[in-house]
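K.L.:
Below is a structure I'd like to ask you about.
The values are calculated or read from the model by the stated rules, or taken from the named source; none is laboratory data. Note that the coordinates shown come from a computational prediction; the quantities given were computed from them, not determined experimentally. Neighbour counts are summed over all protein chains in view; Cβ atoms, including those assigned to glycine, are modelled from backbone coordinates with ideal geometry.
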Amino acid sequence: MANQSIVRLHAFATVDSKDWEAFMQMVAETKVIVHSEGPENVLTHECYYQTGSFNCLIVEAYANEEIFLSHLQQVTPLSEKYGVNWKINRIELCGPFSEQTVNALRQGVGDGDCVHYDNALNTLK
């Protein structure tokens with residue numbers, strides 16, 4: 001697999017404390033979907049949280065943008081199903097995302113930050 005096609009996403013989010021249990025259920029159901037997509041497509045999909053807070057870091061990596069977009073389509077209904085009140089404060093995108101995808105994610109973040117790192121430093125020649 002060409003490393004140049006891999007896309008990565010880091011999302012920093014805050015979950016309403018009342019919805020923490022539902023959020024954990026939503027993440028568990030997301031993991032089932034990720035498993036069905038296969039490790040050759042979803043390279044990384046992890047959710048971390050800070051003990052004593054409701055702040056989360058979601059770390060994802062996909063073989064390419066098309067697989068990422070397919071993943072989004074599969075997990076989007078979970079937001080409606082669980083109705084979790086959460087806010088993405090910042091998204092960092094890394095890799096060759098299209099301008100259309102970057103703009104859609106920027107709109108989805110609302111007043112949060114969305115940063116796209118589109119160039120990688122390659123130190124090996």
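K.L.:
Can you tell me how many residues within the range 71-90 are in contact (Cβ under 8 Å) with a residue 24 or more places away in the chain and either among the charged types (D, E, K, R) or touching a Leu at 6+ places or on another chain (Cβ under 6 Å) (or both)?
P.N.:
3
K.L.:
Then there is this: What residue, among those in the range 39-56 that are among the β-branched types (Val, Ile, Thr) and assigned to a strand (DSSP E or B), is farthest from residue 91 (Cα to Cα)?
P.N.:
Restricting to residues being among the β-branched types (Val, Ile, Thr) and assigned to a strand (DSSP E or B), the top hit is 42.
K.L.:
For the range 9-24, check the following and say yes or no: at least one residue is part of a loop (DSSP other than H, G, I, E, B) and either modelled with pLDDT of 95 or more or under 26 Å from residue 120 (Cβ atoms) (or both).
P.N.:
yes
K.L.:
Any residue at all in the range 63-83 that is modelled with pLDDT of 95 or more, touching an Asp or Glu at 6+ places or on another chain (Cβ under 8 Å), part of a strand (DSSP E or B) and over 18 Å from residue 118 (Cα atoms)?
P.N.:
Taking every residue of the range 63-83 in turn, none turns out to be modelled with pLDDT of 95 or more, touching an Asp or Glu at 6+ places or on another chain (Cβ under 8 Å), part of a strand (DSSP E or B) and over 18 Å from residue 118 (Cα atoms).
K.L.:
Could you look through the range 44-63, keep only residues that are surrounded by fewer than 17 Cβ atoms within 10 Å (Cβ to Cβ) and touching a residue at least 40 places away in the same chain (Cβ under 8 Å), and pick out the one that is farthest from residue 16 (Cα to Cα)?
P.N.:
That would be 59.
K.L.:
Failed condition for residue 59, given (1) part of a helix (DSSP H, G or I); (2) under 17 Å from residue 15 (Cβ atoms), with all others met?
P.N.:
Residue 59 satisfies every listed condition except (1).
K.L.:
Take the range 90-125 and flag every residue that is surrounded by fewer than 16 Cβ atoms within 10 Å (Cβ to Cβ), not in a loop (DSSP other than H, G, I, E, B) and not aliphatic (A, V, I, L, M).
P.N.:
Matches in the range 90-125: 90, 92, 99, 100, 103, 107, 108, 113, 117.
K.L.:
Go through (1) closer than 20 Å to residue 116 by Cα; (2) at pLDDT 95 or above; (3) of a type in the set (Ser, Thr, Tyr); (4) surrounded by fewer than 17 Cβ atoms within 10 Å (Cβ to Cβ) one by one and return the number of the condition residue 36 breaks.
P.N.:
(1)
Yes or no, residue by residue, for (1) free of Cβ contacts under 8 Å to residues at least 40 places away in the same chain; (2) within 22 Å of residue 18 (Cβ to Cβ); (3) of a type in the set (A, V, I, L, M, F, W, C):
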residue	(1), (2), (3)
32	yes, no, yes
69	yes, no, yes
96	no, no, no
117	yes, no, no
